[in-house]
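One structure is given here, and the rest of the page talks about it.
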Amino acid sequence: MITILLPAYNEEEVIEKSIDKIFSALKLKEDYEILVINDGSTDRTEEIIKKLTKKYKNLRYISHEKNKGLGGAIKTGIKEANGRIIIELDADMTQPIDHVAQMVNKIDEGNDICIASRYIRGGGMKNVPLWRVLLSKLANKAFSIIYFTKITDLTSGYRAYKSSFVKKLDLSQNDFSIQLEISVKMTKNKAKISEIPLVLTNRSIGSSKFNFIKAMPKYIPVMIKLFFIRWS
Ligand SMILES: Nc1nc2c(ncn2[C@@H]2O[C@H](COP(=O)(O)OP(=O)(O)OP(=O)(O)O)[C@@H](O)[C@H]2O)c(=O)[nH]1
Ligand SMILES: [Mg+2]
């Protein structure tokens with residue numbers, strides 16, 4: 001069994017399309033479940049997912065009463081996932097679903113994590129505003145040096161984990177920095193790491209939950225904390 005983990009916060013415009021797309025396009029040799037973490041959405045996200053559970057028996061969801069943030073949602077998802085492999089994916093259809101089979105293969109080859117990376121050959125971003133491209137590129141370059149890791153895209157939200165490995169990590173971040181935290185802790189714990197190229201497209205449905213101005217000041221203490229964890 002494989003778990004497709006979808007964190008969703010106020011995604012009423014895209015969540016149905018996203019789930020329909022996965023169930024129609026994803027062909028795996030093994031059973032899979034979609035696990036949606038509805039993170040205290042205040043729009044119709046929960047109502048839509050609930051309706052879809054009648055259509056798809058392999059769709060499960062967990063709702064947080066209040067919004068905990070992306071990290072809070074990912075932590076719940078990792079804990080509750082039944083799969084031997086967990087594939088984490090954004091709910092906004094910006095990442096092509098057809099990479100999943102390849103990522104499953106990478107885990108089956110003995111890797112503990114496979115990241116869909118924008119920064120290896122063949123990867124990139126399409127229609128994403130230039131300031132975000134440059135900022136993300138620069139930050140990830142710096143992260144891979146500071147944390148001395150093979151991972152080139154430490155903040156990618158599209159990745160596969162060997163369940164037993166990621167479930168053992170002690171995770172604490174509740175916001176977008178959870179991706180960085182997992183990347184650094186995987187490295188620290190000597191995980192076998194692999195990457196495949198990802199071409200990320202800009203979100204065309206719904207609205208972005210990433211607020212750079214809000215996120216940046218919170219990121220700095222996390223970066224420092226992770227530095228000490230990495231080198232302790
Ligand atoms: N559970 C949960 N999910 C969240 C939260 N914030 C964002 N997400 C989800 O995390 C994923 C990534 O958020 P996005 O808004 O797409 O952020 P982004 O990919 O950096 O930016 P855009 O694609 O430009 O919007 C989406 O599936 C969101 O629904 C949150 O507070 N809780
Ligand atoms: Mg997105």
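If you go through region 167-191 and keep only what is open to solvent by 20 Å² or more (accessible area, probe 1.4 Å) and among the hydrophobic types (A, V, I, L, M, F, W, C), you end up with Leu169, Leu171, Phe176.
Table: residues versus (1) part of a loop (DSSP other than H, G, I, E, B); (2) of a type outside the set (D, E, K, R); (3) open to solvent by 70 Å² or more (accessible area, probe 1.4 Å); (4) at positive phi.
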{"residue": "Glu46", "(1), (2), (3), (4)": "no, no, yes, no"}
{"residue": "Lys50", "(1), (2), (3), (4)": "no, no, yes, no"}
{"residue": "Lys66", "(1), (2), (3), (4)": "yes, no, yes, no"}
{"residue": "Lys75", "(1), (2), (3), (4)": "no, no, no, no"}
{"residue": "Ile86", "(1), (2), (3), (4)": "no, yes, no, no"}
{"residue": "Ala91", "(1), (2), (3), (4)": "yes, yes, no, no"}
{"residue": "Lys106", "(1), (2), (3), (4)": "no, no, no, no"}
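Scanning region 182-232 for residues that are within 16 Å of ligand 2 (Cβ to nearest atom) and among the aromatic types (Phe, Trp, Tyr), we see that the one that is nearest to Gly69 (Cα to Cα) is Phe210. Cβ separations smaller than 7 Å between residues 6+ apart or across chains give no pair from region 33-51 residues that are closer than 10 Å to Glu11 by Cα to residues that are assigned to a strand (DSSP E or B) and among the charged types (D, E, K, R). Exactly one residue out of Ser164, Ser194 is over 13 Å from the mean Cα position of the chain (by Cα), crowded, with 16+ Cβ neighbours inside 10 Å and within 16 Å of Ile86 (Cβ to Cβ): that is Ser194.
How many residues does region 152-171 contain that are within 13 Å of ligand 1 (Cβ to nearest atom) and in contact with a strand residue (DSSP E or B) (Cβ under 6 Å, 6 or more places away or on another chain)? Before you say what the answer is, go through the steps one by one.
Within region 152-171, the first condition is being within 13 Å of ligand 1 (Cβ to nearest atom), and the residues that meet it are 153, 155-159.
Keeping just the survivors that are in contact with a strand residue (DSSP E or B) (Cβ under 6 Å, 6 or more places away or on another chain) gives 153, 156, 158-159.
So the answer is 4.
Within the bounds of region 155-175, is there any residue that is of a type in the set (A, V, I, L, M, F, W, C) and within 16 Å of ligand 2 (Cβ to nearest atom)? No, region 155-175 contains no residue that is of a type in the set (A, V, I, L, M, F, W, C) and within 16 Å of ligand 2 (Cβ to nearest atom). For the residues Leu180, Leu171, Leu138, the requirement of being over 25 Å from Gly77 (Cβ atoms) and of a type in the set (A, V, I, L, M, F, W, C) singles out Leu138. The set of residues in region 172-226 being within 14 Å of ligand 1 (Cβ to nearest atom), more than 26 Å from Ile19 (Cβ to Cβ) and modelled with pLDDT under 95 consists of Phe212, Ile213, Lys214, Ala215, Met216, Lys218, Tyr219. Residue pairs whose Cβ atoms lie under 7 Å apart, sitting 6 or more positions apart in sequence or on different chains, and linking a residue in region 209-227 that is in contact (Cβ under 8 Å) with a residue 40 or more places away in the chain and open to solvent by 80 Å² or more (accessible area, probe 1.4 Å) to a partner that is of a type in the set (A, V, I, L, M, F, W, C) and assigned to a helix (DSSP H, G or I), are Phe227/Ile146.
The values are calculated or read from the model by the stated rules, or taken from the named source; none is laboratory data. For clarity, every value in this text was computed on a predicted model and none was experimentally measured. For neighbour counting, all protein chains shown are included, and Cβ atoms are generated from backbone atoms with ideal geometry for every residue, glycine included. Remember, those area values only see protein heavy atoms, side chains included, never the ligands or the DNA or RNA. Shrake-Rupley method; radii C 1.70, N 1.55, O 1.52, S 1.80 Å.
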